[in-house]
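Single-structure report; data block below.
The values are calculated or read from the model by the stated rules, or taken from the named source; none is laboratory data. Because the structure is a prediction, the values reported are computed rather than measured. Here Cβ is always computed from backbone atoms with ideal geometry, including for glycine, and neighbour counts include all displayed protein chains. Just so you know, the surface numbers come from the protein's heavy atoms only, side chains and all, with ligands and any DNA or RNA stripped out. Shrake-Rupley method; radii C 1.70, N 1.55, O 1.52, S 1.80 Å.
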Amino acid sequence: MPKLSPEAIRTIALVGHGAAGKTTLAEALLVKAGAISTMGSVEKGTTVCDFDPLEKTYQHSLNAAIVHFTSRDTRIHLIDTPGLPDFIGRGIGALPAVETAAVVINAQNGIEMITSRMMQWAARRKLCRMIIVNKIDAENINLPQLLANIQNTFGRECLPINLPADGGRRVVDCFFNPSGEADFSSVADAHQALIDQVVEIDEELMARYLEQGDIEPGQLHAPFEQALRDGHLIPVCFVSARNGAGIAELLDIIVKLLPNPAEGNPPQFLKGEGAQAKPISAEPDLHKHVLAHVFKVVIDPFVGRIGAFRVHQGTITKDTQLFIGDGRKPFKVGHPYLLMGKDLVETDALVPGDIGAVAKVEDIHFDAVLHDSHDEDHIHLAPLEFPTPMHSLAIEPRRRGDEQRISDALHKIAAEDPTFHVAHNTSNQTVISGLGDLHMRYILDKMTSQYHAEITTRPPRIPYRETITTRAEGHHRHKKQTGGAGQFGEVFLRVEALRRGAGFEFVDEVKGGTIPTQFIPAVEKGVRQVLDAGPVAGYPMQDMRVIVYDGKHHAVDSKEIAFISAGKRALMDAIGKARPIVLEPIVNIEITAPENSMGDIAGDISSKRGQLNGTDALAAGTLLIKGQVPLSEINNYQARLKSVTAGQGSFSIELSHYEPVPPGVQKELAAQHAKTAHAEEQ
């Protein structure tokens, strides 16, 4: 396969709500470009992108799938992302790999929950955006109203770049074509609106336009790209993946108008850690040092670990030596690959703009930066923001002896999925967390079908936290004398409450060497041991500052273990005086439901100590209901929601903040903790 220049490459992520038709749209583009001979079917499980056995079972995309094809000497990399709320992390993870986010909207359902979220996430990453309205040949649709809703929701910069014609059987171009007949609106007016919007980006061009009264679309390439980069223009494209209407025109738009790697907003790389990290730029230059970002990891039972990455700078060929992040041991690229669904297609080189893969590199991981520089500073991409996994299950092996098999399976699944977490809580439970009920069911199905790991599940403890409400002083002298050398350490400290979400701070204000510098880490270690289990109900502590300001030591008997113990008991002393309380997680909840269920849902949320913040109209007769509710109150909420909506409701949650539990709940939690502690002492 010949090596292309970055100017001949396009990268697009198809994002949007589930059932918008993204996978079918990818099939239609592959067929039109000649990459496949016949179009697959989601229902039959024959598409290129939905190749996972569980995707075929669920009949929904559950992972981001990458394909490539060529049209008019341009290589197009397309990422088909999941649209179900529980799998949105896979869609977010794909955004750094592309110049353009194509937000696909189902013409029947209109603007849905994930539509809005992906528009926001893409804007936050400064991606060029376009909107693709799919299923324009469906029954009972109102495309003029949908276009108006798009502009009201996302701004007047959302302008149609083509319009449906002949009842949705074809489309007519509105950018290069100044006239024509469409099913609604005016092609001439749409053409004029696009030209007006693009020339606004360039004052000199605007002056020439006003003077001449007209300007050829072919002369507008640079300002068109600038308008896309600045979010000043979001083209709206109409298609039907099923009947092929608009597919050829969409390919033309991708090739002629969407940005190449030199025209999109460059990604923000950082060199170094924390506050000292310095931004560095990646240039789509074939001859510079390699910079590539890993946005997907797959652990294949036959091939091993596969890392999919976007090349931002330099060229990767066979035998290129690459480092992973701040790792000092390079690996040699055995074969560079392009991706076509589940298939790896060997290629001679990957250049800036290409989305490629390497296989059998065990240390490669999600969000890693691959580079060929020996520089020891950590090079990484500006961090991605993922929803916090809030749906949790406690798990244990169904059969004794399967612990290691289950641990290995969880480790591999977590490596593939940035929104799947595994933790061990203070009750020695293994707790797995994801974004929703369906996400967790998929994880459990995958563990059974792929890793043959059988487990039992039960609800875990809610992730309560503890904190303090006032300042207090603490002190402890640890003195132990045995036959030989003794142990001595004395610590004075102070605790202060911090704002919600501030975490924990340890401050050393010791003066005069009353606690030698080498023992301060031991004091902090003892302090942090207390944070693991608070005094009220045994939950981790947060939102507090510990200031160590004085102490005593002994020239012979002071040891690290003495100051660990002194720091620990001094903090326990201070916390007991600082009026500790229990905090509970409050989640933002978004419920999609028929509007006639609004009353039942509002009453239900209110009964769960929650509150509603507003509603948005989606498709006809459907509402997006937003609110906040304590996480502890919505265990098994999916079953309740299905009951009140006759099976038509769905919801998603994400962590909002922590706030104090009601006194009655705190008393109950404290009693449970005391009972458990007493049982463990027996």
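Suppose every K and R has +1 on its Cβ and every D and E has -1 on its Cβ; what is the size of the dipole of the chain about the Cα centre, in Debye to the nearest 20?
2580
If you place +1 on the Cβ of every Lys and Arg, -1 on the Cβ of every Asp and Glu, and leave all else neutral, what size is the dipole of the range 240-357 about its Cα centre, to the nearest 20 Debye?
Approximately 400 debye in magnitude.
For the range 12-66, what percent of Cα pairs sit more than 12 Å apart? Let's see the in-between values first.
Details: 913 of 1485 pairs.
When every Cα pair of the range 12-66 is considered, 61 percent fall beyond 12 Å.
In Å, what Rg and Dmax follow from the Cα atoms of the range 1-101?
For the range 1-101, the Cα-based Rg and Dmax read 13.5, 40 Å.
Round to a whole number: what % of the accessible area of the chain belongs to carbon and sulfur, probe 1.4 Å?
Percent of accessible area from carbon and sulfur atoms in the chain: 47.
Between rounded, prolate and oblate, where does the range 79-223 land on the alpha carbon gyration tensor, with a ≥ b ≥ c its root eigenvalues, rounded for a/c under 1.5, else prolate if a/b exceeds b/c? Walk me through the numbers on the way to the answer.
Values: a/c = 2.40, a/b = 1.32, b/c = 1.82.
It comes out oblate by the Cα gyration axes.
Can you check what the net charge comes to around ILE395, using other residues whose Cβ is under 12 Å from the Cβ of ILE395 (Lys, Arg +1; Asp, Glu -1)?
Combined, the nearby Lys, Arg, Asp and Glu give -2.
In debye to the nearest 20, how big a dipole does the range 92-240 give about its Cα centre with +1 on each Lys and Arg Cβ and -1 on each Asp and Glu Cβ?
820
Give the angle, between 0 and 90 degrees and rounded to the nearest 10, that separates the Cα long axis of helix 143-154 from the longest principal axis of the Cα atoms of the chain.
The answer is roughly 40 degrees.
Please sort 21-33, 455-467, 259-271 by packing, taking for each peptide the average over its residues of neighbouring beta carbons within 10 angstrom, highest first. Write down the numbers at each step before the final one.
Numbers: 21-33: 24.7, 455-467: 17.2, 259-271: 19.0.
The packing order, highest mean first, is 21-33, 259-271, 455-467.
Could you let me know the centre-to-centre spacing of the range 163-225 and the range 620-643, using Cα atoms, in angstrom?
44
Could you sort the peptides 278-291, 432-445 by per-residue average Cβ neighbour count (10 Å cutoff), highest mean leading?
With the highest mean Cβ count within 10 Å placed first, the list reads 432-445, 278-291.
Would you please classify the overall shape of the range 88-174 from the alpha carbon gyration tensor, given that a ≥ b ≥ c denote the square roots of the eigenvalues, rounded means a/c under 1.5, and beyond that prolate means a/b larger than b/c while oblate covers the rest?
prolate
What is the angle, in °, between the Cα long axis of helix 247-256 and the longest principal axis of the Cα atoms in the chain? Nearest 10 is fine, range 0 to 90.
80
Give me P(r) over the range 541-634, computed from all C-alpha to C-alpha distances, binned every 5 Å, as integer percentages.
Taking every Cα pair in the range 541-634, the percentages come to 2, 10, 15, 12, 8, 7, 7, 6, 7, 6, 6, 5, 4, 2, 1, 0.
With no solvent and one point per C-alpha, what does the Debye sum give as log10 I(q)/I(0) for the range 236-286 at q = 0.12, 0.30, 0.32 Å⁻¹?
-0.51, -1.08, -1.13
Can you pick out the pairs among LYS296/LYS329; LYS296/LYS412; LYS44/LYS642; LYS22/LYS256 whose Cα atoms lie more than 18 Å from each other?
As for pairs spanning more than 18 Å Cα to Cα, those are LYS296/LYS329; LYS44/LYS642; LYS22/LYS256.
Projecting each Cα onto the charge dipole of the chain (Lys/Arg +1, Asp/Glu -1 at the beta carbon, about the Cα centre), which of PRO352, HIS476, VAL103 comes out farthest on the positive side?
HIS476
Starting from the residue with the highest accessible area, list GLU416, GLU396 in decreasing order, probe 1.4 Å.
Correct descending sequence by accessible area is GLU396, GLU416.
Just to be sure I understand the curve: with the Debye formula and one point per C-alpha of the range 351-446, what is log10 I(q)/I(0) at q = 0.19 Å⁻¹?
-1.06
Rolling a 1.4 Å sphere over the protein heavy atoms, what is the accessible area per residue of the range 206-254, to the nearest Å²? The partial results should precede the final answer.
Numbers: 1990 Å² over 49 residues.
That works out to 41 Å² per residue.
Cα extents of the range 409-470 along the three principal axes, largest first, in whole Å?
51, 23, 20
Remind me, relative contact order of the chain in percent, using alpha carbon pairs under 8 angstrom and six or more residues apart?
Computed value for the chain: 10 percent relative contact order.
How would the range 171-319 be classified by its alpha-carbon gyration tensor: rounded, prolate or oblate, with rounded meaning a/c under 1.5 and the a/b versus b/c comparison settling the rest? Walk me through the numbers on the way to the answer.
Details: a/c = 2.95, a/b = 1.60, b/c = 1.85.
Oblate.
Run through the DSSP bridge list for the chain and note the antiparallel percent, rounded to the nearest 5.
80
What whole-number value in Å² describes the accessible area per residue of the range 443-532 for a 1.4 Å probe? Before the final figure, lay out each step's value.
Values: 4640 Å² over 90 residues.
Result: 52 Å² per residue.
For the range 168-243, what does the convex hull of the Cα positions come to per residue, in cubic angstrom?
97
Return the inverse of the average 1/r over all pairs of distinct C-alpha atoms in the chain, which is the Kirkwood hydrodynamic radius, in Å to one decimal. Can you show the working numbers first?
On the way: mean 1/r = 0.0355 Å⁻¹.
Here the Kirkwood hydrodynamic radius works out to 28.2 Å.
Per residue and in cubic angstrom, what volume does the convex hull of the Cα atoms of the range 419-527 have?
Details: hull volume 23.5 nm³, N = 109.
Looking at the range 419-527, the number lands at 216 Å³ per residue.
Show me, bin by bin at 10 Å from 0, the whole-percent P(r) of the range 587-682 based on Cα pairs.
Bin by bin from 0 Å, the calculated values are 15, 41, 23, 14, 6, 1, 0.
Against the longest alpha carbon principal axis of the chain, how many degrees, from 0 to 90 and to the nearest 10, is the axis of helix 403-416 turned?
Result, in degrees: 40.
For the chain, what does the helix formula give at 222 nm: sum of -39500 (n - 2.57) over DSSP H segments with n ≥ 4, over the residue count, nearest 500 deg cm²/dmol? Don't jump to the answer; show the numbers that get you there.
Numbers: 16 runs with 184 residues, N = 682.
Mean residue ellipticity at 222 nm (helix-derived): -8500 deg cm²/dmol.
Just to confirm the filter: which GluC sites (Glu not before Pro) across the range 507-595 are DSSP coil and have at most 12 other Cβ within 10 angstrom of their Cβ?
When the GluC sites (Glu not before Pro) of the range 507-595 are filtered for loop state and at most 12 Cβ neighbours within 10 Å, GLU509 remain.
Could I get the Rg over Rh figure for the range 231-350? Both from C-alpha atoms, Rh via Kirkwood, rounded to two places.
Value, to two decimals: 1.03.
Output the relative contact order of the range 187-280, whole-number percent, from Cα pairs under 8 angstrom with separation of 6+ residues. Show your work: numbers first, answer last.
Working: 54 pairs, mean separation 18.2, N = 94.
Normalised by residue count, the contact order of the range 187-280 is 19 percent.
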